[in-house]
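Only one structure is covered here, and it is reproduced in the block below.
The values are calculated or read from the model by the stated rules, or taken from the named source; none is laboratory data. Predicted, not measured: the structure shown is a model, and the values here were computed from it. Cβ placement follows ideal geometry from the backbone for every residue including glycine, while neighbour counts extend to all protein chains displayed. These accessible areas exclude ligands, DNA and RNA; they are computed on the full protein's heavy atoms, side chains included. Shrake-Rupley method; radii C 1.70, N 1.55, O 1.52, S 1.80 Å.
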Amino acid sequence: MNGQSPADCVTVDAAAFGSLFDHLPDAVVVIDSEGVLRDANATAGQQFGWTLEEWLGRSLLELVHPDDIEWALASLGTVVDKDVGTAIELRVRARDGWRLVEVIGTPFEDQGDQMIVLSARDLTGRRGWEVAGNDTELFRAIMQNSTGLTLLTDPSGTVTAASAAFIRMTGRGMDEVLTRPLTEAVVPGDRASLNEALELLLSGAQRQVTIEVVLNASGRPPVPCQFSIVDLREDPTVGGFVISGHDISELRRARSELEHLAGHDDLTGLPNRARFVEELGRRLSNVDRRRATLVAFIDLDRFKPVNDLYGHDAGDELLTGVARRLQGAVRGDDLVARFGGDEFVIVADVRNHDAPDALAERLHAALAPHFELSIGDLNVSASVGVVTCKPGGDVETVLAEADAAMYAQKFNRNPSGQERPVAARRELAERLGTALDAGEFVVHYQPIVTLDSGTWVGLEALTRWEHPERGLLLPDEFLDVIEHTGQGVRLGQVMLAIVAHDMQRLRQATGATPGIAVNASASEITNPDYPSLIANTLREGGIDPDRFTVELSEREMLERTNRQGSAIPTSLAALADAGIHIAVDDFGTGYSSLTHLVTFPIDVIKIDRSFVAGVVNDPQRRSVIAALAGLAENTNMVLIAEGIEQPQQIPALRNLGCRLAQGFHFAKPMPYSAMEIGYRTEAELRDRLVL
């Protein structure tokens, strides 16, 4: 090296480098990441018949054969991730026609811009024939040593020559390829389509066809390949068909991924709505099917609060877990799909007479165990509607029936809600947001009285909806819709604000400071902000915490605790620590034992009206009430009987140890104005009490 450094040895002035660049035997071009030409050597212009000035600033993809565009784009996207890209073969338009070229690229940066250098080598058979000078043997030797996948056949489709690249890719010996039909080079499933392509050429209808086939490789996986077959039977040098090809494994993988994404949900990996509708339509249109088909519509109960309380990541995690559970609950030939949001659908074959019920039971059982999420354990339930349909049915009709069956199951705990048409429920749901903003929700108050004197000692705040078209709606008519749409927390906030305002007005107008009880749903109780909302209500209304009670139904308290673990007990404990009373409402309608009354920080037991209705004549109900009265006295709890409608119920309850009550016999729920008047004239109402 004569004492020179490596850097000195490779130093070339710009002019010398430009000359070297232009005299390279292969075409070399520089493009940006979008395929736009930035530079090219002289060889590129000579090979393809254009000048740098003509194409500078234009996309070289315009020169690529339309059938090869997809392949070129797929390969271009992979170059930036490699030091040197994978060589591919493309048909490129030259001034004198299409050329088959081998292209290989490498990425580099130029002043922060991502660039790619491409080297293109002409592989066109015509060039080989020109070199061969009509010498058939020389032509075959050139063709066999080509770096591309190339085959030559006679007019009957028998292989007469093959490139070494083809032999390497298929792992077969030259003697296994030559003199054999071209169709044997591909897997049996592609031979019919290859024959059709050759017939098209033999008929003279086309001079060139392109077809995708899978090569029948030996001792290795089959190789997907794109064949371009050119009819050169009239060429004296060839006298047959020239087949050039390239490996499209990467392209097929990309296509497969795109097809999967088009038909599947990207979160859960399940088939999506479009794929499900397609499969259901296929089964319904198959009149030869002997089995009827089951369609199940699954809607998660109270999914929205999961997103609201724990964030969308937790919601996504839950949906993914539900998808896995549902897949595990069905058979291999059944299809589980995500229909959208928190809705899933299943199509399955009927295998026995009780199949609909059996499927619904399996799905409920699959979702029953708690889900272990990153935010902790979470329980979720679902409403499942299953319908049976026979071949020939309509997809939309079947889905509508399954949806209706699901809604019927969702509202089976609320008969009035269940009987309402779907359209009526949807109308209420759609109006909720407007109603909350417009102040259509109001509070009515029902007094809580002493059974000894009839004195008003407290109030229960009850929600009403002043619907502009339907009039005053009671909770049974809309609470199920409120909870289903996830608006329970917001409605609770509105009601608390009204209660705070009304209690302040009542104190200023009458000096009365009655105890006030508000109803809370489990979604409110489990809201981390609920204790602070209650604190704001007490402060704004000037209410003593000892005069404030939060009521939660027995059924909801226990069901949510079973599903959500410690969320409700923790929230109730926080309220109790703040001096707020906790009441269990509708006691006797759930499935709890008396031990739950001492497990939770409960101060007040409200006996359900179904027990009170039988207090006069039903010994068993009298025994239960007596036991509760004894428990309340021994544990310093307050016992309130709900639903007093008959005067004879009063002495019966009083004799059993019950001291407080509420019901229509004393006063119906009333708006604030009537309640204020009631406090002013309370003495006049005592005459209705049976002493």
For this session: Report yes if some residue within the stretch 608-620 is in a loop (DSSP other than H, G, I, E, B), at pLDDT below 85 and open to solvent by less than 30 Å² (accessible area, probe 1.4 Å); otherwise report no.
Result: yes
Exercise. If you scan the stretch 91-117, which residues turn out to be more than 13 Å from HIS65 (Cβ to Cβ) and charged (D, E, K, R)?
Worked result: ARG95, ASP96, GLU102, GLU109, ASP110, ASP113
Exercise. What number of residues within the stretch 191-243 are small (Gly, Ala, Ser), assigned to a strand (DSSP E or B) and under 43 Å from the mean Cα position of the chain (by Cα)?
Worked result: 1
Problem set entry | Those residues of the stretch 426-477 which are more than 41 Å from the chain's Cα centre (by Cα), β-branched (Val, Ile, Thr) and assigned to a strand (DSSP E or B), in sequence order | ILE448, VAL449, THR450, VAL457
Exercise. What are the residues in the stretch 621-656 that are within 51 Å of the chain's Cα centre (by Cα) and assigned to a helix (DSSP H, G or I), if any?
Worked result: ARG621, VAL624, ILE625, ALA627, LEU628, ALA629, LEU631, ALA632
Exercise. From the set of residues in the stretch 496-548 that are in contact (Cβ under 8 Å) with a residue 60 or more places away in the chain and among the hydroxyl-bearing types (Ser, Thr, Tyr), which is surrounded by the most Cβ atoms within 10 Å (Cβ to Cβ)?
Worked result: SER523
For this session: Spot the failing condition for ALA87; the list is (1) within 42 Å of the chain's Cα centre (by Cα); (2) modelled with pLDDT of 80 or more; (3) among the hydrophobic types (A, V, I, L, M, F, W, C), and only one is missed.
Result: (2)
Exercise. Among THR293, THR268, which is the only one that is in contact with a Cys (Cβ under 6 Å, 6 or more places away or on another chain) and under 15 Å from VAL345 (Cβ atoms)?
Worked result: THR293
Exercise. Does ARG252 fit the bill of being under 19 Å from THR86 (Cβ atoms), modelled with pLDDT under 85 and either open to solvent by 20 Å² or more (accessible area, probe 1.4 Å) or more than 18 Å from the chain's Cα centre (by Cα) (or both)?
Worked result: yes
Exercise. Can you tell me which residues in the stretch 61-90 are assigned to a helix (DSSP H, G or I) and in contact (Cβ under 8 Å) with a residue 40 or more places away in the chain?
Worked result: ASP67, GLU70, TRP71, ALA74, SER75, LEU76, THR78
For this session: Any chance you could count how many residues in the stretch 170-190 are assigned to a strand (DSSP E or B) and either under 16 Å from THR160 (Cβ atoms) or touching a residue at least 60 places away in the same chain (Cβ under 8 Å) (or both)?
Result: 1
Exercise. When residues of the stretch 205-235 are filtered for being among the acidic types (Asp, Glu) and within 23 Å of MET174 (Cβ to Cβ), how many remain?
Worked result: 0
Exercise. Any residue in the stretch 227-234 that is loosely packed, with under 15 Cβ neighbours inside 10 Å and acidic (Asp, Glu)?
Worked result: yes
Exercise. Looking at GLY45, GLY57, which is the one that is among the small types (Gly, Ala, Ser), farther than 28 Å from SER256 by Cα and part of a loop (DSSP other than H, G, I, E, B)?
Worked result: GLY57
Exercise. Within the stretch 122-136, is there a residue that is under 43 Å from the mean Cα position of the chain (by Cα) and at pLDDT 80 or above?
Worked result: no
For this session: Filter the stretch 451-492 for residues that are buried (at least 18 other Cβ atoms within 10 Å of the Cβ), in contact with a helix residue (DSSP H, G or I) (Cβ under 7 Å, 6 or more places away or on another chain) and small (Gly, Ala, Ser) and give the result.
Result: GLY454, ALA461, GLY488, GLY492
For this session: From (1) closer than 20 Å to HIS246 by Cβ; (2) at pLDDT below 90; (3) not polar (S, T, N, Q), pick out the condition that doesn't hold for GLY173.
Result: (1)
Exercise. Does VAL380 satisfy being crowded, with 16+ Cβ neighbours inside 10 Å, modelled with pLDDT under 85 and either among the hydrophobic types (A, V, I, L, M, F, W, C) or in a strand (DSSP E or B) (or both)?
Worked result: yes
